[in-house]
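Shown next, in structure tokens, is the structure this report addresses.
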Amino acid sequence: MFSSIYALLHLFGTWTFSRPVYLWLSSVYVCFTLWLMAAEREMLLLTVLIFLFMYFALLKAFPRLLEQGFANIQEKLFLQGGVGMYLGWSSVAVLANIGVYAFSFGIQSSSKLGIYLQMLLVLLAALSAGYALYQSKRNAVVFATHWWAFVGILVGLFSREQTELLIAWTLVCVVGLNVFYFKKRLRSIKN
């Protein structure tokens with residue numbers, strides 16, 4: 001709620017960022033409330049659509065925040081930290097929402113189709129995370145949040161039986177994401 005008020009107040013004044021940044025952020029905050037309402041009512045398709053829009057809006061807002069810079073350390077901590085974490089989390093969690101919707105049609109998670117579908121979702125989550133990293137110029141906050149999200153996936157997999165293949169596949173995807181992040185980031189630090 002406070003984030004929504006913060007974003008809305010900045011629409012009507014001369015503040016640090018451009019109006020599109022605040023419009024995108026305001027839409028994310030409003031959509032999060034809508035997502036909660038849809039999730040509470042188990043409107044799975046609507047939760048997926050809302051989440052996809054939030055992810056798109058974060059992809060629009062966050063790079064602009066970084067380009068336009070921050071007026072002070074509090075703004076940097078609040079916006080880069082908060083929005084960066086939300087972008088990182090959303091880039092992985094949006095695929096989890098799609099998975100929940102797909103499995104609502106009765107696919108058993110332990111069936112062959114269920115295993116392959118989960119493998120596809122993990123791959124797409126890693127690719128989505130890579131895209132978010134690319135858009136955010138390999139932002140460290142976004143990357144750290146990806147780690148948090150993938151650790152959550154692995155903890156969930158370890159708590160279920162017969163998930164060895166999924167665990168191995170998730171680790172492969174995480175290694176690929178790490179190579180993508182560190183290879184270019186280390187190269188840019190050296191230059």
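Bear in mind that the values in this text are calculations on the coordinates, not laboratory data. From a predicted model like this one, the values you see are computed outputs, not experimental measurements. Here the Cβ is made from the backbone with ideal geometry for all residues, glycine too, and neighbour counts use every protein chain on show.
Descriptive notes on the structure:
- Taking θ as phi - 60° and the Karplus parameters 6.51, -1.76 and 1.60, the scalar couplings of segment 101-114 work out to 5, 4, 6, 5, 8, x, 5, 7, 5, 8, 6, 4, 4, x Hz in sequence order, x denoting glycine and proline.
- A simple rule links phi to the HN-Hα coupling: the Karplus curve 6.51 cos²θ - 1.76 cosθ + 1.60 with θ = phi - 60°, which for segment 133-142 gives 5, 4, 5, 8, 6, 6, 5, 5, 5, 4 Hz, with x for Gly and Pro.
- If you take all other residues with their beta carbon under 15 Å from the beta carbon of VAL83, and give Lys and Arg +1 and Asp and Glu -1, the sum is +2.
- Residue-by-residue Karplus 3J(HN,Hα) for segment 148-160, coefficients 6.51, -1.76, 1.60, Hz, glycine and proline x: 4, 5, 6, 4, x, 4, 5, 4, x, 5, 5, 7, 10
- Measuring gaps between exposed loop sites in the chain (GluC sites (Glu not before Pro); DSSP loop; at most 14 other Cβ atoms within 10 Å), the longest gap, sites not included, is 43-160.
- Alpha carbon centroid spacing (whole Å) that separates segment 115-139 from segment 141-169: 13
- Straight-distance candidates among the lysines for linking to LYS76, with alpha-carbon spacing under 29 Å and chain neighbours fewer than 8 residues away dropped: LYS60, LYS137, LYS183, LYS184, LYS190.
- Label of the coordinate-derived value, Rg and Dmax of the Cα atoms in Å, listed as (i) 19.1, 67; (ii) 18.8, 60; (iii) 17.9, 56: (iii)
- Summing charges over all other residues whose Cβ lies under 14 Å from the Cβ of TRP24, with Lys and Arg as +1 and Asp and Glu as -1, gives +2.
- Fluctuation leader among GLY106, GLY152, GLY84 - the chain, Gaussian network, Cα springs under 10 angstrom: GLY106
- Normalised by the number of residues in the chain, the average gap of Cα pairs under 8 Å and 6 or more apart makes the relative contact order 18 percent.
- Full-stretch length increase - LYS137, GLN162 - with 0.36 nm per residue and alpha-carbon distance subtracted: 5.3 nm
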